[in-house]
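Everything below concerns the one structure shown next.
What follows is calculated from the coordinates using simple rules that are stated; it is not laboratory data. From a predicted model like this one, the values you see are computed outputs, not experimental measurements. Heads up, the Cβs are rebuilt from the backbone with ideal geometry, glycines too, and the neighbour counts pull from every protein chain shown.
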């Protein structure tokens, strides 16, 4: 027993190392600014700077489906290792953006979509599900809180690597490379090493293992809680309600994360983007733990509805700030951090709800399918703000619309709750 207990806490350490590196995708706003500045090597339109980010999120979600199935068969260590290799390769290939694009905006965008977006995103997709699936098996008695801890590193990744990216972009250290290309090179090497190392301690518990004193709840009469497969899961109305709510809520958060630096500078040119993104990242990570822990006590549906209401308030507030003259970046940071706090909660609540409804045995496969909602949100959220900004010169409409989406998500979860009561 003591060896198993030791193993499960070691898995947490490995999970945090892996997720910290993967979460750096949320620090894309630093690259976005570097690609669109009028004083640097690149002067791209807002929409173009968001396309690699959107492609990365979509690839992340798509490849997670395959990763979930594969890791359920071969275990999390091998799959997470492949993820680390792909992530590193994606960044290292992105290093050649200067040479390949030769100053051509469209060609450069396509190249980063393929390297940073598709290849790097695939690496994140392969590695991301492994810590979650392993820890849900090791901590079946604390699904919400342990999932929150597992993905807190992902939320904190933008904080840690945001500072690294900012330093590299402002003080290029690789001769012969632009600041953007040199930053890709350094990060590619770092992620390749760290994710592969962290993956080596990701293992599943022995078959049938349970924590001492824990008795799993009996499955409900409708099959809820049984270890069913994705093919059966997607026939359930509950799955589609949760999936759509995930799309709507994640769209709001991803849009904010991908554009917060540019939006803040647009509102207040004196904005300290490093502090703003850093604080938002801290709240993003904290939200994963807090909302996950709360859901273990109040229930998933009650917690989701509460969180989405707060998220809607944050989106409407951000929209309002874009219209108020003299708004300071401190106010922007407060609202963005609230949005990040709620956004982070998605990644504790939805995998926990997936395990609650369809069992822990196949949670890798099942959550991989549920997570396709994030891919859709990545495309919509990643491109929505840039499109409205280019068309109207303001981020107002983008934030107002996503506030409405968060309200719709509340209604969807209310329906889920009402159906659960009937069953």
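Note on residue 408 and residue 193: their simple-model spin labels are 4.6 nm apart, each label 7 Å out from Cα toward Cβ.
How much mean residue ellipticity at 222 nm does the chain get from its helices, if each DSSP H run of length 4 or more adds -39500 (n - 2.57) and you divide by all residues, to the nearest 500 deg cm²/dmol? Intermediate results must be reported in sequence, preceding the final value.
Working: 17 runs with 328 residues, N = 423.
The helix-only estimate for the chain comes to -26500 deg cm²/dmol at 222 nm.
Starting from the eigenvalues of the Cα gyration tensor, five times each then square-rooted, give me the equivalent ellipsoid semi-axes of segment 76-125, largest first, whole Å. Each step should come with its number before you reach the end.
Details: eigenvalues 128, 17, 3 Å².
Square roots of five times the eigenvalues give 25, 9, 4 Å.
Distance distribution note for the chain: the fraction of Cα pairs above 37 angstrom is 19%.
The length gained by stretching the chain between residue 210 and residue 394 to full extension, at 0.36 nm per residue less their Cα-Cα distance, is 60.9 nm. Based on every Cα atom in segment 272-341, Rg and the maximum pairwise Cα distance Dmax equal 13.6, 43 Å. Here, segment 285-423 is characterised by an Rg to Rh ratio of 1.02, where Rg is the alpha-carbon radius of gyration and Rh the Kirkwood radius. Fully extending the segment from residue 387 to residue 66, taken as 0.36 nm per residue of separation minus the present Cα-Cα distance, adds 112.4 nm. The modelled label-to-label distance between residue 320 and residue 107, using points 7 Å beyond Cα along the C-beta direction, is 4.9 nm. Across q = 0.18, 0.20, 0.26 Å⁻¹, segment 251-290 modelled as identical point scatterers on its alpha-carbon atoms has Debye log10 I(q)/I(0) values of -0.52, -0.62, -0.90, in the order of the q list.
May I ask for the Kirkwood hydrodynamic radius of segment 115-186, worked out over all distinct Cα pairs and given in angstroms to one decimal? Before the final figure, lay out the partial values.
On the way: mean 1/r = 0.0692 Å⁻¹.
Across segment 115-186, the inverse of the average 1/r is 14.5 Å.
Comparing Cα centroids, segment 125-190 and segment 373-423 end up 25 angstrom apart.
Just subtract the alpha-carbon distance of residue 78 and residue 174 from 0.36 nm times their residue separation and send over the number in nm, one decimal.
Numbers: separation 96, 0.36 × 96 = 34.56 nm, distance 3.26 nm.
Full extension of this stretch gives 31.3 nm more.
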